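As structure tokens, the structure follows; a few thoughts come after it.
The values are calculated or read from the model by the stated rules, or taken from the named source; none is laboratory data. No experiment lies behind these values; they were computed from the predicted model shown. Cβ sites come from the backbone with ideal geometry, for glycine too, and all protein chains shown count toward neighbours. When the accessible area is computed, the model is the full protein with side chains, heavy atoms only, and any ligands, DNA or RNA have been set aside. Shrake-Rupley method; radii C 1.70, N 1.55, O 1.52, S 1.80 Å.
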Amino acid sequence: MPPRPDRRFAAAVAALVGLSAVAACAIAPPGVTPAFLAVELAASGPPAALLQRAEAGDALSQLAWSLVLDRGLHGVPVDPAAADRFQALATASRGETQVLQYIPAFGDQPARTYVSNVPRRALTGADAALAEQCASAVASGASSDSQLARACGPGTDYARLRSLWPS
């Protein structure tokens, strides 16, 4: 008869996993989102410096430059195709990270190890979509901070963002 798993061990593992999840949430920086930062960069210009950083491979600058091209900010001509290209560059994979998963022996099953290659991204498609929503909210003259918080993320300086947006 195979040995039965110890319930105390299972409870300890569950508690450890739960504490790890809580610790990860506590470490994540609250407040400013990549969407807000991209809109702030797009609004504050100068366009030449932003384009230079975008062409050098900075993902946040690429997303901001896509907003500039999409809306024709700072006298830059509207170019939807180039905006899409820079947005795709901003959200593209930037290599891979290996994730190792160890599964200890349990019952009559041997221990196993799995290696997964996970793409690294500076920004995600969700970040780009939120940046679009945030730029639209600021450009439309959203009057309340709660409207901008839904689009741009909580805890940011919306009055400053509205003042930076070119009219």
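Taking only the stretch 91-114 into account, find how many residues are touching a residue at least 40 places away in the same chain (Cβ under 8 Å) and on the phi < 0 side of the Ramachandran plot. Walk me through how you get there before you give the answer.
Of all residues in the stretch 91-114, those touching a residue at least 40 places away in the same chain (Cβ under 8 Å) come to 106-108.
Now narrow it down to the ones that are on the phi < 0 side of the Ramachandran plot: 106, 108.
Final tally of qualifying residues: 2.
For the stretch 145-167, the set of residues classified as closer than 19 Å to His74 by Cβ and open to solvent by 60 Å² or more (accessible area, probe 1.4 Å) consists of Arg160, Arg162, Ser163, Ser167, listed by residue number.
Open to solvent by less than 60 Å² (accessible area, probe 1.4 Å) and at pLDDT below 90, is that true of Ala49? Taking the combined requirement at face value, the residue does not satisfy it.
Does Leu69 satisfy the criteria of being out of contact with any Cys (no Cβ under 8 Å at 6 or more places or on another chain), modelled with pLDDT under 95 and aliphatic (A, V, I, L, M)?
Details: out of contact with any Cys (no Cβ under 8 Å at 6 or more places or on another chain): yes; modelled with pLDDT under 95: no; aliphatic (A, V, I, L, M): yes.
No, not satisfied.
The selection criterion, being open to solvent by less than 60 Å² (accessible area, probe 1.4 Å), closer than 19 Å to Pro34 by Cβ and under 23 Å from the mean Cα position of the chain (by Cα), does not hold for Ala82. Assessment of the stretch 54-77 against the conditions (among the aliphatic types (A, V, I, L, M), surrounded by 13 or more Cβ atoms within 10 Å (Cβ to Cβ), part of a loop (DSSP other than H, G, I, E, B) and within 20 Å of the chain's Cα centre (by Cα)) yields no matching residue. Here Thr97 meets the list (1) open to solvent by less than 30 Å² (accessible area, probe 1.4 Å); (2) part of a strand (DSSP E or B) almost entirely, failing just condition (1).
Report the residue count in the stretch 100-144 for those that are in a helix (DSSP H, G or I) and loosely packed, with under 14 Cβ neighbours inside 10 Å. Selection size over the stretch 100-144: 3.
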